[in-house]
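Before any comments, here is the structure.
The values are calculated or read from the model by the stated rules, or taken from the named source; none is laboratory data. This structure is a prediction, so every number in the text was calculated from the model and none was measured. A quick note on method: Cβ atoms are made from the backbone with ideal geometry, for glycine too, and the neighbour counts reach across all protein chains shown.
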Amino acid sequence: MKYLLTLFFCTSLVFCGSQNTYPLAENALDAGREFIDACLKGDFAKAQYYMLQDASNKQHLQTIETEYHLKDRDQRSQYREASINISGVEEVTESEVIVQYQNSYDKIGKKVKIIRQGNAWLVDFKYTFNPNL
């Protein structure tokens, strides 16, 4: 009986934990901000929710997550407390936007592409690593 209760509890956690509680991004800036903020805070499940789902993007996010966890506690804390500073927004098309940003901790300039698919705005993270895409 104890085994069955434990199994039920673990199964409940898996199913309840996998349900999305994140709102759809209403526009490209919301999607980009949510994605970047989630990465800074180490919430990679949330970052993945706001990301275009393809193998390359998933691989890049996994690499960033691994690098994040290799940082010491102080560095992770600094990233969690960092703010996002947007330095430029380029509307390439009606459904494609490129955001230039840096965070207040490391101040390294980066770009991220956000695309609209149906009614959802999603980050195409591979663009950050290869802006020729």
*Being surrounded by 11 or more Cβ atoms within 10 Å (Cβ to Cβ) and within 16 Å of Ala38 (Cβ to Cβ) is the filter here, so list the residues in segment 57-70 that pass it.*
Asn57, Lys58, His60, Leu61, Gln62, Thr63, Ile64, Glu65, Tyr68
*in contact with a Phe, Trp or Tyr (Cβ under 8 Å, 6 or more places away or on another chain), exposed (fewer than 13 other Cβ atoms within 10 Å of the Cβ) and of a type in the set (A, V, I, L, M) - does that describe any residue in segment 88-102?*
no
*Any idea which residue in segment 122-133 is surrounded by the most Cβ atoms within 10 Å (Cβ to Cβ), counting only those that are assigned to a loop (DSSP other than H, G, I, E, B) and not aliphatic (A, V, I, L, M)?*
Phe125
*If Leu24 passes every condition in (1) out of contact with any helix residue (DSSP H, G or I) (no Cβ under 7 Å at 6 or more places or on another chain); (2) surrounded by 11 or more Cβ atoms within 10 Å (Cβ to Cβ); (3) at pLDDT 95 or above; (4) not aromatic (Phe, Trp, Tyr) but one, which one does it miss?*
(3)
_Leading residue by the ranking (surrounded by the fewest Cβ atoms within 10 Å (Cβ to Cβ)) among those in segment 111-121 that are among the aliphatic types (A, V, I, L, M) and more than 19 Å from Thr63 (Cα to Cα)_ = Ala120
*Could you list, in sequence order, the residues of segment 115-133 that are more than 18 Å from Ala25 (Cβ to Cβ) and under 14 Å from the mean Cα position of the chain (by Cα)?*
Lys126
